[in-house]
Amino acid sequence: MVDGSWTSTAQFSGMGWVWKDTMGKIQLMGSRNLRRRETALHSELEALQWAMESMIQHSTCQSYFPRTQNEIAD
């Protein structure tokens, strides 16, 4: 699960993610607070990117994510 929060009047955007195993047990999670992004979509996409980068760095799930643009396009 990944989520980013955003409001036009707030100074900050928030984001968080959780990776659960098939039994629903939390394996990894993270949250962060950054200066407000331009739009809600920017916040959501940055949350997704950060979640993917974090999981790659801290787990064995590297094989689940493409590593190059060519792998994404295939």
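Quick note: the coordinates plus some simple rules give every number you see, no bench work behind them. Everything quoted here is computed from the prediction, not taken from an experiment. We place every Cβ from the backbone using ideal geometry, glycine too, and count neighbours over all the protein chains shown.
Using a Förster distance of 22 Å, how high is the FRET efficiency between HIS42 and GLN11, based on the Cβ-Cβ distance and rounded to 0.05?
0.90
Between ARG32 and ILE56, what length comes free when the chain is fully extended (0.36 nm per residue of separation minus the Cα-Cα distance, one decimal in nm)?
Numbers: separation 24, 0.36 × 24 = 8.64 nm, distance 1.73 nm.
Full extension from ARG32 to ILE56 adds 6.9 nm.
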